[in-house]
Amino acid sequence: MNTESLITRDKKVIWHPFTPQKYMPVPIPIVKASGTLLQDADGRTYIDAISSWWVTLHGHAHPYIAQKIFEQASTLEQVIFAGFTHEPAIRLAERILEILPGNLSRVFYSDNGSTSTEVALKMSVQYWWNKGEGKKRNKILAFNNSYHGDTFGAMSVSDRSVFTMAFQDKLFEVIFIDAPESVNRPYDLPWNEIACFIYEPLVQGAGGMKMYNAEGLDQLIGLCQQHQVICIADEVMTGFGRTGKLFASLYMSNEPDIVCLSKGLTGGTMPLSITACSAKVYEAFVEEDLLKTFFHGHSYTANPIACAAALASLDLLLKPECTEQMENIHQQHLAFSQQLQQSRHPIRNIRVLGTIIAFEIDKGRDEYLNNISKLITQQAMDQNVYLRPLGNTLYLMPPYCITTEELNKVYHVINSILKELAG
Ligand SMILES: *Cc1c(COP(=O)(O)O)cnc(C)c1O
(Lines give C-alpha, C1' and ligand atoms only; values in the text may rest on other atoms or scores of the structure.)
Protein backbone atom coordinates (compact mmCIF):
# COMPACT_ATOMS: atom_id res chain seq x y z
CA MET A 1 0.00 0.00 0.00
CA ASN A 2 1.51 3.21 -1.19
CA THR A 3 1.22 6.32 1.01
CA GLU A 4 0.69 8.76 -1.84
CA SER A 5 -2.05 6.73 -3.45
CA LEU A 6 -3.90 6.24 -0.15
CA ILE A 7 -3.82 9.98 0.45
CA THR A 8 -5.07 10.73 -3.06
CA ARG A 9 -7.91 8.23 -2.72
CA ASP A 10 -8.79 9.54 0.75
CA LYS A 11 -8.96 13.11 -0.54
CA LYS A 12 -11.54 12.09 -3.13
CA VAL A 13 -14.03 10.30 -0.87
CA ILE A 14 -13.47 10.89 2.84
CA TRP A 15 -14.76 13.57 5.23
CA HIS A 16 -12.78 13.47 8.48
CA PRO A 17 -14.19 14.35 11.93
CA PHE A 18 -13.44 17.75 13.54
CA THR A 19 -11.36 18.62 10.48
CA PRO A 20 -11.58 21.84 8.43
CA GLN A 21 -12.01 20.55 4.89
CA LYS A 22 -10.48 23.50 3.08
CA TYR A 23 -7.24 23.46 5.03
CA MET A 24 -7.28 19.75 5.68
CA PRO A 25 -3.90 18.48 6.78
CA VAL A 26 -2.59 15.53 4.81
CA PRO A 27 -3.89 12.46 6.64
CA ILE A 28 -1.37 9.82 7.60
CA PRO A 29 -2.34 6.35 6.44
CA ILE A 30 -1.92 3.86 9.29
CA VAL A 31 -1.62 0.27 8.17
CA LYS A 32 -1.20 -1.55 11.43
CA ALA A 33 -0.72 -1.15 15.14
CA SER A 34 0.53 -3.15 18.07
CA GLY A 35 0.92 -2.27 21.75
CA THR A 36 1.38 1.48 21.93
CA LEU A 37 2.74 1.74 18.40
CA LEU A 38 0.91 2.94 15.30
CA GLN A 39 2.65 2.12 12.04
CA ASP A 40 2.19 4.20 8.90
CA ALA A 41 2.30 3.08 5.27
CA ASP A 42 5.99 3.98 5.07
CA GLY A 43 6.84 1.76 8.01
CA ARG A 44 7.37 4.59 10.52
CA THR A 45 5.99 4.02 13.98
CA TYR A 46 4.47 6.46 16.47
CA ILE A 47 3.84 6.01 20.19
CA ASP A 48 0.12 6.60 20.66
CA ALA A 49 0.33 8.76 23.78
CA ILE A 50 -3.40 9.61 23.84
CA SER A 51 -4.82 6.12 23.32
CA SER A 52 -6.38 7.08 19.97
CA TRP A 53 -8.85 9.54 21.50
CA TRP A 54 -8.88 7.85 24.89
CA VAL A 55 -10.20 4.46 23.86
CA THR A 56 -7.22 2.09 23.76
CA LEU A 57 -6.62 0.56 27.19
CA HIS A 58 -4.35 -2.45 26.76
CA GLY A 59 -2.61 -1.54 23.54
CA HIS A 60 -3.56 -1.86 19.90
CA ALA A 61 -4.50 -5.15 18.26
CA HIS A 62 -4.25 -6.99 21.56
CA PRO A 63 -4.09 -10.72 20.70
CA TYR A 64 -6.36 -11.80 23.58
CA ILE A 65 -9.15 -9.38 22.67
CA ALA A 66 -8.66 -10.14 18.97
CA GLN A 67 -9.08 -13.85 19.66
CA LYS A 68 -12.28 -13.29 21.65
CA ILE A 69 -13.65 -11.08 18.87
CA PHE A 70 -12.84 -13.76 16.31
CA GLU A 71 -14.52 -16.47 18.37
CA GLN A 72 -17.64 -14.39 18.89
CA ALA A 73 -17.78 -13.26 15.24
CA SER A 74 -17.76 -16.85 14.10
CA THR A 75 -20.40 -17.91 16.66
CA LEU A 76 -23.01 -15.14 16.85
CA GLU A 77 -22.16 -11.83 15.23
CA GLN A 78 -25.41 -9.92 15.70
CA VAL A 79 -29.03 -10.42 16.63
CA ILE A 80 -31.90 -8.00 17.14
CA PHE A 81 -31.95 -7.21 20.88
CA ALA A 82 -35.68 -6.56 21.26
CA GLY A 83 -37.20 -9.92 22.05
CA PHE A 84 -33.86 -11.74 21.92
CA THR A 85 -30.95 -11.90 24.29
CA HIS A 86 -27.49 -13.49 24.43
CA GLU A 87 -24.85 -14.53 26.92
CA PRO A 88 -22.21 -11.88 26.09
CA ALA A 89 -24.67 -9.03 26.80
CA ILE A 90 -25.94 -10.65 30.00
CA ARG A 91 -22.48 -11.54 31.24
CA LEU A 92 -21.13 -8.07 30.52
CA ALA A 93 -24.05 -6.42 32.34
CA GLU A 94 -23.50 -8.69 35.36
CA ARG A 95 -19.80 -7.97 35.48
CA ILE A 96 -20.13 -4.21 34.93
CA LEU A 97 -22.80 -3.85 37.62
CA GLU A 98 -20.53 -5.71 40.00
CA ILE A 99 -17.70 -3.20 39.64
CA LEU A 100 -19.68 0.03 39.13
CA PRO A 101 -20.20 2.22 42.19
CA GLY A 102 -23.44 2.25 44.07
CA ASN A 103 -26.73 0.64 43.59
CA LEU A 104 -26.93 0.52 39.85
CA SER A 105 -29.05 -2.38 38.76
CA ARG A 106 -29.80 -2.21 35.01
CA VAL A 107 -27.74 -1.88 31.87
CA PHE A 108 -28.99 -0.26 28.67
CA TYR A 109 -26.73 -0.72 25.64
CA SER A 110 -25.97 1.61 22.78
CA ASP A 111 -22.88 2.12 20.66
CA ASN A 112 -21.01 5.34 21.42
CA GLY A 113 -20.47 7.93 24.11
CA SER A 114 -22.92 10.45 22.69
CA THR A 115 -25.74 7.92 22.59
CA SER A 116 -24.94 6.80 26.13
CA THR A 117 -25.50 10.37 27.38
CA GLU A 118 -28.55 10.86 25.12
CA VAL A 119 -30.04 7.72 26.63
CA ALA A 120 -29.25 8.95 30.16
CA LEU A 121 -30.91 12.31 29.49
CA LYS A 122 -33.96 10.70 27.87
CA MET A 123 -34.26 8.22 30.76
CA SER A 124 -34.13 11.06 33.30
CA VAL A 125 -36.60 13.28 31.49
CA GLN A 126 -39.01 10.41 30.93
CA TYR A 127 -38.58 9.26 34.53
CA TRP A 128 -40.31 12.47 35.62
CA TRP A 129 -42.82 12.31 32.78
CA ASN A 130 -43.74 8.77 33.80
CA LYS A 131 -44.27 10.02 37.33
CA GLY A 132 -46.60 12.73 36.03
CA GLU A 133 -44.17 15.48 36.98
CA GLY A 134 -42.65 16.17 33.57
CA LYS A 135 -43.97 19.75 33.46
CA LYS A 136 -42.62 20.66 36.87
CA ARG A 137 -39.26 18.90 36.58
CA ASN A 138 -38.27 20.38 33.25
CA LYS A 139 -34.79 21.74 33.89
CA ILE A 140 -31.41 20.13 33.39
CA LEU A 141 -28.24 21.00 35.27
CA ALA A 142 -24.72 20.73 33.81
CA PHE A 143 -21.27 22.22 34.24
CA ASN A 144 -19.72 25.01 32.26
CA ASN A 145 -16.88 23.72 30.09
CA SER A 146 -18.42 20.26 29.90
CA TYR A 147 -18.49 17.86 26.95
CA HIS A 148 -21.02 15.06 26.63
CA GLY A 149 -20.98 14.33 22.91
CA ASP A 150 -22.01 15.63 19.51
CA THR A 151 -25.66 14.62 19.05
CA PHE A 152 -28.32 17.24 19.81
CA GLY A 153 -29.13 16.33 23.41
CA ALA A 154 -25.47 15.79 24.19
CA MET A 155 -24.58 19.12 22.56
CA SER A 156 -27.30 20.86 24.57
CA VAL A 157 -25.77 19.81 27.89
CA SER A 158 -22.24 20.56 26.68
CA ASP A 159 -20.43 23.87 26.81
CA ARG A 160 -21.63 26.13 24.01
CA SER A 161 -18.64 26.79 21.79
CA VAL A 162 -17.49 27.04 18.20
CA PHE A 163 -18.42 23.37 17.98
CA THR A 164 -22.11 24.05 18.65
CA MET A 165 -22.46 27.56 17.23
CA ALA A 166 -24.43 26.61 14.11
CA PHE A 167 -27.02 24.77 16.18
CA GLN A 168 -27.40 27.26 19.02
CA ASP A 169 -31.12 27.94 18.50
CA LYS A 170 -31.90 24.22 18.17
CA LEU A 171 -30.38 23.29 21.53
CA PHE A 172 -32.54 23.02 24.63
CA GLU A 173 -32.03 25.24 27.63
CA VAL A 174 -29.75 24.04 30.40
CA ILE A 175 -28.68 25.56 33.73
CA PHE A 176 -24.90 25.76 33.61
CA ILE A 177 -22.84 26.20 36.77
CA ASP A 178 -19.08 26.12 37.36
CA ALA A 179 -17.48 22.86 38.37
CA PRO A 180 -16.61 23.20 42.08
CA GLU A 181 -13.15 24.29 43.13
CA SER A 182 -13.91 23.72 46.79
CA VAL A 183 -16.60 22.54 49.20
CA ASN A 184 -19.41 24.62 50.64
CA ARG A 185 -20.15 26.61 47.57
CA PRO A 186 -23.53 28.27 47.90
CA TYR A 187 -25.95 27.11 45.24
CA ASP A 188 -29.02 29.14 44.47
CA LEU A 189 -30.85 26.74 42.19
CA PRO A 190 -34.50 25.90 41.56
CA TRP A 191 -33.85 22.40 42.94
CA ASN A 192 -37.39 21.10 42.71
CA GLU A 193 -37.64 21.94 39.01
CA ILE A 194 -34.47 20.12 38.02
CA ALA A 195 -34.93 16.71 36.40
CA CYS A 196 -31.28 15.70 36.25
CA PHE A 197 -27.69 16.77 36.67
CA ILE A 198 -25.07 15.51 34.22
CA TYR A 199 -21.35 15.78 34.93
CA GLU A 200 -17.96 14.37 33.98
CA PRO A 201 -16.67 13.24 37.38
CA LEU A 202 -13.40 14.98 38.39
CA VAL A 203 -12.00 15.56 34.89
CA GLN A 204 -13.58 17.58 32.09
CA GLY A 205 -11.93 15.79 29.19
CA ALA A 206 -12.64 17.57 25.91
CA GLY A 207 -12.93 20.84 27.85
CA GLY A 208 -9.16 20.70 28.33
CA MET A 209 -8.53 17.94 30.92
CA LYS A 210 -9.66 20.35 33.61
CA MET A 211 -9.58 18.67 37.00
CA TYR A 212 -11.84 19.82 39.79
CA ASN A 213 -12.63 19.23 43.44
CA ALA A 214 -13.90 15.81 44.54
CA GLU A 215 -15.38 16.97 47.88
CA GLY A 216 -17.15 19.82 46.10
CA LEU A 217 -18.64 17.41 43.59
CA ASP A 218 -19.60 15.01 46.35
CA GLN A 219 -21.42 17.80 48.14
CA LEU A 220 -23.22 18.85 44.95
CA ILE A 221 -24.35 15.28 44.19
CA GLY A 222 -25.59 15.05 47.78
CA LEU A 223 -27.56 18.29 47.40
CA CYS A 224 -29.05 17.06 44.13
CA GLN A 225 -30.11 13.79 45.68
CA GLN A 226 -31.70 15.53 48.65
CA HIS A 227 -33.96 17.12 46.06
CA GLN A 228 -34.51 13.93 44.03
CA VAL A 229 -32.48 15.29 41.12
CA ILE A 230 -31.19 12.34 39.07
CA CYS A 231 -27.38 12.39 38.98
CA ILE A 232 -25.77 11.23 35.74
CA ALA A 233 -22.05 10.49 35.90
CA ASP A 234 -20.69 10.68 32.37
CA GLU A 235 -17.72 8.32 32.77
CA VAL A 236 -17.26 7.88 29.03
CA MET A 237 -13.69 9.13 29.37
CA THR A 238 -12.96 8.65 33.09
CA GLY A 239 -14.13 5.03 33.23
CA PHE A 240 -11.93 1.94 33.39
CA GLY A 241 -9.05 3.20 35.47
CA ARG A 242 -8.07 6.44 33.76
CA THR A 243 -8.28 8.45 36.99
CA GLY A 244 -6.52 5.88 39.16
CA LYS A 245 -9.68 4.14 40.38
CA LEU A 246 -11.80 1.87 38.20
CA PHE A 247 -14.36 4.68 37.95
CA ALA A 248 -13.93 8.32 38.94
CA SER A 249 -17.27 8.14 40.80
CA LEU A 250 -15.52 5.94 43.36
CA TYR A 251 -13.70 9.05 44.66
CA MET A 252 -17.05 10.36 45.97
CA SER A 253 -19.22 8.97 48.75
CA ASN A 254 -22.50 10.01 47.13
CA GLU A 255 -23.28 7.63 44.29
CA PRO A 256 -24.70 8.47 40.88
CA ASP A 257 -28.16 7.27 39.77
CA ILE A 258 -26.97 6.75 36.21
CA VAL A 259 -23.50 6.06 34.79
CA CYS A 260 -22.50 6.42 31.12
CA LEU A 261 -19.65 4.31 29.75
CA SER A 262 -18.05 3.96 26.33
CA LYS A 263 -14.52 4.76 25.04
CA GLY A 264 -12.46 2.25 27.08
CA LEU A 265 -15.35 -0.19 27.48
CA THR A 266 -14.13 -2.53 24.75
CA GLY A 267 -10.48 -1.68 25.33
CA GLY A 268 -10.71 0.47 22.21
CA THR A 269 -11.62 -2.27 19.77
CA MET A 270 -15.35 -2.06 19.05
CA PRO A 271 -17.98 0.66 19.33
CA LEU A 272 -20.16 -0.01 22.38
CA SER A 273 -21.64 1.95 25.23
CA ILE A 274 -23.58 1.45 28.40
CA THR A 275 -26.06 3.56 30.30
CA ALA A 276 -26.44 1.90 33.70
CA CYS A 277 -29.20 3.05 36.03
CA SER A 278 -30.45 2.44 39.57
CA ALA A 279 -33.50 0.38 40.44
CA LYS A 280 -35.29 3.61 41.35
CA VAL A 281 -34.92 4.99 37.82
CA TYR A 282 -35.71 1.65 36.21
CA GLU A 283 -38.85 1.07 38.24
CA ALA A 284 -40.47 4.22 36.87
CA PHE A 285 -40.57 2.37 33.55
CA VAL A 286 -42.10 -0.83 34.89
CA GLU A 287 -45.70 0.24 34.44
CA GLU A 288 -48.91 -1.11 33.01
CA ASP A 289 -49.29 2.00 30.86
CA LEU A 290 -47.50 1.15 27.61
CA LEU A 291 -46.86 4.85 27.03
CA LYS A 292 -44.37 4.64 29.87
CA THR A 293 -42.12 2.34 27.85
CA PHE A 294 -38.61 3.60 27.08
CA PHE A 295 -38.96 3.84 23.30
CA HIS A 296 -35.32 3.97 22.43
CA GLY A 297 -32.90 1.60 20.73
CA HIS A 298 -30.24 1.25 18.08
CA SER A 299 -29.69 -1.29 15.33
CA TYR A 300 -26.51 -2.51 16.98
CA THR A 301 -27.79 -2.45 20.56
CA ALA A 302 -25.70 -4.97 22.56
CA ASN A 303 -23.83 -6.24 19.52
CA PRO A 304 -22.40 -9.62 20.63
CA ILE A 305 -18.94 -9.03 19.13
CA ALA A 306 -18.65 -5.71 20.93
CA CYS A 307 -19.84 -7.31 24.18
CA ALA A 308 -17.27 -10.10 23.78
CA ALA A 309 -14.57 -7.49 23.24
CA ALA A 310 -15.68 -5.65 26.39
CA LEU A 311 -15.59 -8.88 28.40
CA ALA A 312 -12.08 -9.61 27.15
CA SER A 313 -10.97 -6.08 27.97
CA LEU A 314 -12.39 -6.47 31.50
CA ASP A 315 -10.44 -9.72 31.93
CA LEU A 316 -7.24 -7.80 31.21
CA LEU A 317 -8.22 -4.72 33.19
CA LEU A 318 -8.95 -6.65 36.39
CA LYS A 319 -5.61 -8.46 36.41
CA PRO A 320 -3.21 -7.26 39.12
CA GLU A 321 -0.61 -6.63 36.39
CA CYS A 322 -2.86 -3.98 34.90
CA THR A 323 -3.31 -2.20 38.21
CA GLU A 324 0.46 -2.25 38.55
CA GLN A 325 0.90 -0.76 35.07
CA MET A 326 -1.52 2.05 35.90
CA GLU A 327 0.29 2.75 39.16
CA ASN A 328 3.64 2.85 37.31
CA ILE A 329 2.29 5.35 34.81
CA HIS A 330 0.94 7.45 37.67
CA GLN A 331 4.27 7.46 39.50
CA GLN A 332 6.16 8.36 36.33
CA HIS A 333 3.69 11.18 35.62
CA LEU A 334 4.25 12.51 39.16
CA ALA A 335 8.01 12.49 38.69
CA PHE A 336 7.66 14.18 35.32
CA SER A 337 5.35 16.83 36.74
CA GLN A 338 7.98 17.64 39.41
CA GLN A 339 10.57 17.96 36.73
CA LEU A 340 8.27 20.24 34.70
CA GLN A 341 7.60 22.36 37.76
CA GLN A 342 11.31 22.99 38.13
CA SER A 343 11.83 23.65 34.44
CA ARG A 344 11.71 27.05 32.79
CA HIS A 345 9.21 25.96 30.19
CA PRO A 346 6.39 28.41 29.40
CA ILE A 347 3.73 26.24 31.02
CA ARG A 348 1.31 26.39 33.95
CA ASN A 349 -1.24 24.42 35.93
CA ILE A 350 0.50 21.05 35.80
CA ARG A 351 -1.85 18.37 37.09
CA VAL A 352 -1.88 14.60 37.43
CA LEU A 353 -4.74 12.23 38.16
CA GLY A 354 -4.27 8.50 37.69
CA THR A 355 -2.78 7.92 34.24
CA ILE A 356 -3.56 11.45 33.02
CA ILE A 357 -1.11 14.35 33.09
CA ALA A 358 -2.01 17.74 31.67
CA PHE A 359 -0.81 21.34 31.63
CA GLU A 360 -1.34 24.55 29.70
CA ILE A 361 1.19 26.08 27.37
CA ASP A 362 1.36 29.82 27.81
CA LYS A 363 2.31 30.70 24.31
CA GLY A 364 -0.62 31.50 22.05
CA ARG A 365 -4.31 32.10 22.68
CA ASP A 366 -6.57 29.92 24.80
CA GLU A 367 -8.53 28.44 22.00
CA TYR A 368 -8.99 25.20 20.12
CA LEU A 369 -8.70 26.81 16.71
CA ASN A 370 -5.29 28.26 17.26
CA ASN A 371 -2.26 26.68 15.74
CA ILE A 372 -0.30 25.53 18.71
CA SER A 373 -2.03 22.17 18.85
CA LYS A 374 -1.25 21.37 15.21
CA LEU A 375 2.29 22.56 15.61
CA ILE A 376 2.90 20.30 18.59
CA THR A 377 1.32 17.31 16.89
CA GLN A 378 3.62 17.85 13.92
CA GLN A 379 6.76 18.24 16.02
CA ALA A 380 5.91 15.16 18.06
CA MET A 381 5.19 13.10 14.95
CA ASP A 382 8.59 14.11 13.57
CA GLN A 383 9.98 12.42 16.68
CA ASN A 384 7.74 9.34 16.43
CA VAL A 385 5.24 10.27 19.13
CA TYR A 386 1.57 10.98 18.63
CA LEU A 387 0.13 13.83 20.72
CA ARG A 388 -2.98 15.87 20.04
CA PRO A 389 -3.26 18.84 22.44
CA LEU A 390 -6.68 20.32 23.18
CA GLY A 391 -5.99 23.90 22.17
CA ASN A 392 -3.05 24.91 24.36
CA THR A 393 -3.62 22.06 26.80
CA LEU A 394 -1.03 19.36 26.37
CA TYR A 395 -1.95 16.07 27.97
CA LEU A 396 -1.01 12.40 28.02
CA MET A 397 -3.39 9.49 28.40
CA PRO A 398 -1.38 6.47 27.26
CA PRO A 399 -2.55 2.88 26.90
CA TYR A 400 -1.77 1.02 30.14
CA CYS A 401 0.74 -1.22 28.38
CA ILE A 402 3.13 1.66 27.67
CA THR A 403 6.63 0.75 28.83
CA THR A 404 8.81 2.89 31.08
CA GLU A 405 11.13 3.38 28.15
CA GLU A 406 8.33 4.52 25.84
CA LEU A 407 6.94 6.89 28.43
CA ASN A 408 10.38 8.39 28.98
CA LYS A 409 10.68 8.87 25.25
CA VAL A 410 7.33 10.74 25.26
CA TYR A 411 8.49 12.97 28.15
CA HIS A 412 11.73 13.62 26.32
CA VAL A 413 9.87 14.68 23.18
CA ILE A 414 7.62 16.99 25.19
CA ASN A 415 10.66 18.57 26.83
CA SER A 416 12.28 19.15 23.47
CA ILE A 417 9.13 20.74 22.04
CA LEU A 418 8.67 23.01 25.07
CA LYS A 419 12.29 24.04 24.89
CA GLU A 420 11.89 25.02 21.29
CA LEU A 421 8.65 26.92 22.07
CA ALA A 422 10.46 28.93 24.71
CA GLY A 423 12.87 29.91 21.95
C1 LIG B 1 -15.90 11.36 24.13
C2 LIG B 1 -16.92 11.68 25.12
C3 LIG B 1 -18.29 11.59 24.82
C4 LIG B 1 -18.78 11.24 23.45
O5 LIG B 1 -18.40 9.97 23.06
P6 LIG B 1 -18.40 9.58 21.51
O7 LIG B 1 -18.19 8.11 21.50
O8 LIG B 1 -17.27 10.35 20.89
O9 LIG B 1 -19.72 9.98 20.95
C10 LIG B 1 -19.19 11.84 25.82
N11 LIG B 1 -18.79 12.17 27.06
C12 LIG B 1 -17.49 12.27 27.39
C13 LIG B 1 -17.10 12.61 28.79
C14 LIG B 1 -16.51 12.04 26.44
O15 LIG B 1 -15.21 12.16 26.76
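The values are calculated or read from the model by the stated rules, or taken from the named source; none is laboratory data. Treat the numbers as computed from the prediction; the structure is a model and nothing was measured. Here the Cβ is made from the backbone with ideal geometry for all residues, glycine too, and neighbour counts use every protein chain on show. Each accessible area value is taken on the protein alone, full model and side chains, heavy atoms only, with ligands, DNA and RNA left out. Shrake-Rupley method; radii C 1.70, N 1.55, O 1.52, S 1.80 Å.
Treating cross-link reach as a plain straight distance, find the aspartates and glutamates whose alpha-carbon is under 19 Å from the alpha-carbon of LYS210, omitting any fewer than eight places away in the same chain.
Partners within reach: ASP159, ASP178, GLU181, GLU200, ASP218, ASP234, GLU235, GLU360, ASP362, ASP366, GLU367.
Just to be sure I understand the model, the point goes 7 Å from the Cα along the line to the Cβ. What's the resulting ALA422 to GLU4 distance in nm?
In this crude label model, ALA422 to GLU4 measures out at 4.2 nm.
Cα axis of helix 372-382 to longest principal axis of the chain: angle in degrees, 0 to 90, nearest 10?
50
Farthest toward the dipole's positive end in the range 76-318, which of THR243, LEU316, PHE172, given Cβ charges of +1 (Lys, Arg) and -1 (Asp, Glu) about the Cα centre?
The Cα lying farthest towards the positive end belongs to PHE172.
Given PHE81, GLN225, THR269, which one lies farthest toward the positive end of the charge dipole of the range 76-318, if we put +1 on the Cβ of every Lys and Arg and -1 on the Cβ of every Asp and Glu?
Result: GLN225, furthest along the dipole toward the positive end.
Under 15 Å from a point placed 7 Å out from the Cα of ASP42 along the Cα-to-Cβ direction: which residues of the range 375-411 have their backbone N that close?
So the set is 378-385.
Any idea how far apart PHE84 and GLU173 come out in nm if each label point goes 7 Å out from Cα toward Cβ?
4.5
Holding the Cα-Cα limit at 19 Å, pick out from LYS374/LYS419; LYS319/LYS409; LYS22/LYS170; LYS122/LYS245; LYS22/LYS374; LYS139/LYS263 the pairs that are longer than that. Kindly include the intermediate steps, with their values, before the conclusion.
On the way: LYS374/LYS419 17 Å; LYS319/LYS409 26 Å; LYS22/LYS170 26 Å; LYS122/LYS245 28 Å; LYS22/LYS374 15 Å; LYS139/LYS263 28 Å.
From the list (LYS374/LYS419; LYS319/LYS409; LYS22/LYS170; LYS122/LYS245; LYS22/LYS374; LYS139/LYS263), the Cα-Cα distance tops 19 Å for LYS319/LYS409; LYS22/LYS170; LYS122/LYS245; LYS139/LYS263.
With each label point set 7 Å from Cα along the Cα-Cβ vector, what nm distance links LEU223 and LYS292?
Inter-label distance under the simple model: 3.1 nm.
Report the net charge of residues surrounding SER313, where surrounding means a beta-carbon distance below 12 angstrom and charges are Lys +1, Arg +1, Asp -1, Glu -1. Let's see the in-between values first.
On the way: positive: LYS68, ARG95, LYS263, LYS319; negative: ASP315.
With Lys, Arg at +1 and Asp, Glu at -1, the net is +3.
Could you work out how far helix 320-342 tilts from the main Cα principal axis of the chain, as a 0 to 90 degree angle to the nearest 10?
60
Which value, in debye to the nearest 20, gives the size of the charge dipole of the range 76-318 about its Cα centre, when Lys and Arg are +1 and Asp and Glu are -1 at the Cβ?
On the way: 18 positive and 27 negative charges, 28 e Å.
The calculated dipole for the range 76-318 is roughly 140 debye.
Relative to the longest principal axis of the C-alpha atoms of the chain, give the angle of the C-alpha long axis of helix 214-226, reported between 0 and 90° and rounded to the nearest 10°.
20
Ignoring everything but the protein chains, give the 1.4 Å probe accessible area of MET211 in square angstrom, nearest 10.
60
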